[in-house]
1. Condition test on ASP224, is it at pLDDT below 90, open to solvent by 50 Å² or more (accessible area, probe 1.4 Å) and in a helix (DSSP H, G or I)?
2. Please pick out the residue among MET250, MET207 that is among the aliphatic types (A, V, I, L, M), open to solvent by less than 30 Å² (accessible area, probe 1.4 Å) and more than 16 Å from HIS126 (Cβ to Cβ).
3. What's the total number of residues in segment 120-154 that are within 10 Å of the ligand (Cβ to nearest atom) and not small (Gly, Ala, Ser)?
4. Does LEU13 satisfy the criteria of being open to solvent by 60 Å² or more (accessible area, probe 1.4 Å) and at pLDDT 90 or above?
5. Among the numbered criteria (1) buried (at least 16 other Cβ atoms within 10 Å of the Cβ); (2) modelled with pLDDT under 90; (3) within 23 Å of SER242 (Cβ to Cβ), which one does LEU57 miss?
6. Among the listed residues VAL87, VAL75, VAL18, which satisfies the condition of being more than 16 Å from the ligand (Cβ to nearest atom), assigned to a helix (DSSP H, G or I), out of contact with any Ser or Thr (no Cβ under 6 Å at 6 or more places or on another chain) and open to solvent by less than 70 Å² (accessible area, probe 1.4 Å)?
7. Considering only segment 212-242, state which residues are over 19 Å from ILE121 (Cα atoms) and either over 19 Å from the mean Cα position of the chain (by Cα) or within 16 Å of the ligand (Cβ to nearest atom) (or both).
8. Take segment 109-163 and flag every residue that is open to solvent by 10 Å² or more (accessible area, probe 1.4 Å), over 15 Å from ILE226 (Cα atoms) and hydroxyl-bearing (Ser, Thr, Tyr).
Amino acid sequence: MTDIIWLGFVGSLLAGLVTGVGALGVFFIRRLSEPLEDAMLSVAAGIMLAATFFSLLLPAVQHGEAQFHSRVVAVTVVIVGLLLGGVALFLLHRYAPHEHCISGREGPDSATLKRIWLFVIAITIHNFPEGMAVGVGFAGGDVGNGTTLATGIGIQNAPEGLAVAVSLLSANYTRWQAFLAAFVTGLVEPVGGLFGSAMVWLAAPLMPMTLGFAAGAMLFIISDEIIPETHRKGFASLATFSLLGGFALMMFLDATLG
Ligand SMILES: [Zn+2]
C-alpha cells in the first residue's frame, strides 16, 4: 500500500520538475510577447480543465458508484468535495500573504511588481491541487490514470514555469533568481502529491470526495486566476482557442494513455 504513496509522490515530483524545465527558457529569452504568454497560459488552463473532468471527476463518480452502489449518492459526494475544494482555495487565496513580498524593491512601479508577484503566488498555490490530483490519481490504484494525470500536468507546467521566470526577469530579477523562483513553485507539486496519496491511503473511503476536492480547487484557480489574467490584455479569442487546444490535448491523452 505504501507503494502507492511512493508512486504518487514520484509522479507529482516529476510533473513538478517540468516547471523548472520550462523555466530554463529564461536563460535563452528575455521576454515573451503578450499574445504568446496569454496563449501558453491558456493552453495550460485547457489541460487543467480537461484533467479536472476526465481524470478527476469521472473517476471520482466511478469510485463512488462502486463504493456506495448508487449513482445519486456517488455524484452528490463528489459535488460536496468539489465545492469544498473551491471554498478551500478561495480561503487560501484570500488569506495568503501577498503584499509584503514586494516591499523595498526598485525598478518597475509597485503596481506592476505586485501584479507579477500575485501571478507567481497564484501559480504556486495552484500547484498544490495539481500535485494532489496526481497523488490521488495514483493512489486510487489506477496507475494508468495516475500516469495520464502526471503527463498532462507535467506538460502544462512547462509554460507556467517559463511564464513565471520571464515575468520575474522583467521585474529586474537576475536570470538565476528568476529560474530558481520558478523552479521552487514547481516543488509545491510533490508536497500536494504526498498529501493527496496519503489522504487516500489513510482514508480510502474518502477517495471520491478527495478527487472532487482536487477538481474544485483546480476549477477555482482556472476561473479566478488564469482566465481573467489571460483575457486582460486584449487577446481573448486567442486565449479561448488556446484553452480549447489544451483541453483537446488532455482529452486525447486521457483517452489514449489512461
Ligand atoms: Zn497549472
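1. Working: at pLDDT below 90: yes; open to solvent by 50 Å² or more (accessible area, probe 1.4 Å): yes; in a helix (DSSP H, G or I): yes.
So ASP224 fits the description; yes.
2. Going through MET250, MET207 in turn, just one is among the aliphatic types (A, V, I, L, M), open to solvent by less than 30 Å² (accessible area, probe 1.4 Å) and more than 16 Å from HIS126 (Cβ to Cβ): MET207.
3. Number of matching residues: 6.
4. no
5. Only one criterion is unmet by LEU57, namely (2).
6. Going through VAL87, VAL75, VAL18 in turn, the sole match is VAL75.
7. ALA215, LYS233, GLY234, PHE235, ALA236, SER237, LEU238, ALA239, PHE241, SER242
8. SER110, THR112, THR147, THR151
The values are calculated or read from the model by the stated rules, or taken from the named source; none is laboratory data. In this text, all values refer to a predicted model and were calculated from it rather than measured experimentally. Ideal geometry is used to build each Cβ from the backbone, glycine not excepted, and the neighbour counts take in all protein chains shown. Surface accessibility is based on the protein's heavy atoms, side chains included, excluding ligands, DNA and RNA. Shrake-Rupley method; radii C 1.70, N 1.55, O 1.52, S 1.80 Å.
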